[in-house]
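Quick notes on the structure that follows.
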Amino acid sequence: MKTFKKAILAAVIFLLLIVGASSIVVTQENEYSLIRQFGKVDHVVSEAGVSFKIPFIQSVDKLPKQTLLYDLASSDVITSDKKTMITDSYILWHITDPLKFAQTLNSSISNAESRLDTIVYNSTKNVISSMRQEDVISGRDGELSAAVIDNIGSSLEQYGIELLSFETKHLDLPSDNKAAVYERMISERDNIAATYTAEGNSEAQIIRNSTDREVTVMLSEARKQAEILIAEGEAEYMRILSEAYSDPARTEFYSFVRSLDAAKASMTGGNKTLILSPDSPIARIFY
């Protein structure tokens, strides 16, 4: 009898442990816990920790809370100037409303990725189809990504999803026309460079002509001032000489000095003999 009671007690304890274990819900930091009752989401546990559910009646689904990466398949797109390009990109996304996510996508990450693939591809195609090929190529530094995200807008909110980032891994031309397009782009850049060079040379010539003209005017003005100063100096020199020669007391002295200068200038070379006629002005200074 005691053995039977012990067996019953053990079975009750075991059943209680099973019931207790099935009623405990452990939620991690990086996940949501969806408590379902008869297949319908009853409530969502968003905070990490331990919570409880009704055993055998309620079940638990887990959804990731962290940022998820989805790699889109490479696809062909056509620009506004009817050029084909190949785009290969990926997106970063996360679940913002687990209840909406469960109701619209049946708590399936694969369903969400399929929906994201369609929406992002259509947005990429719409954006690139409104741009010229050269604008698409030059927009790879962020402008294209921003345009795609803007085009998607708030359409993912109905699924409880937020698109965090759209990044292009590879955006290129089909191999059969890549070389021709590059040659055309190089030719266009060369034409632009030639135009800039011609405009620069024209501006440089204008500056040189203006500078030469200014230099010519300045030199002419300098020569004019020099001539004026020389003329004024010569006039002053002649005035001083005139005053000197007009004074009888100084006339004889200046005649003497000028005669000595003439005699000095006459004695050139190794011969220092000076032969003068009696009526020479220079001879007069000696008697």
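The values are calculated or read from the model by the stated rules, or taken from the named source; none is laboratory data. From a predicted model like this one, the values you see are computed outputs, not experimental measurements. With ideal geometry, Cβ positions are generated from the backbone for all residues, glycine too; neighbour counts draw on all protein chains shown. Heavy atoms of the whole protein, side chains included, go into the accessibility calculation; ligands, DNA and RNA do not. Shrake-Rupley method; radii C 1.70, N 1.55, O 1.52, S 1.80 Å.
The condition (being exposed (fewer than 10 other Cβ atoms within 10 Å of the Cβ), part of a helix (DSSP H, G or I) and at pLDDT 70 or above) is satisfied by just one residue among ALA265, ALA249, ALA194, ALA198: ALA265. If you go through segment 129-159 and keep only what is over 16 Å from the mean Cα position of the chain (by Cα) and among the polar types (S, T, N, Q), you end up with SER129, SER130, GLN133, SER145, ASN151, SER154, SER155, GLN158. The sole residue among SER165, SER220 that is of a type outside the set (Phe, Trp, Tyr), surrounded by 10 or more Cβ atoms within 10 Å (Cβ to Cβ) and part of a helix (DSSP H, G or I) is SER220. Here the condition is being open to solvent by less than 70 Å² (accessible area, probe 1.4 Å), modelled with pLDDT of 85 or more and either β-branched (Val, Ile, Thr) or touching a helix residue (DSSP H, G or I) at 6+ places or on another chain (Cβ under 6 Å) (or both); of ILE152, ILE206, it holds for ILE152 alone. Elements of the type helices (runs of 4 or more DSSP H) sitting completely within segment 62-155 and holding at least 2 residues that are in contact (Cβ under 8 Å) with a residue 40 or more places away in the chain, on the phi < 0 side of the Ramachandran plot and not polar (S, T, N, Q): these cover 98-105, 109-129, 133-138. Only one of the listed residues (VAL44, VAL25) is over 40 Å from the mean Cα position of the chain (by Cα), open to solvent by 30 Å² or more (accessible area, probe 1.4 Å) and β-branched (Val, Ile, Thr). That residue is VAL44.
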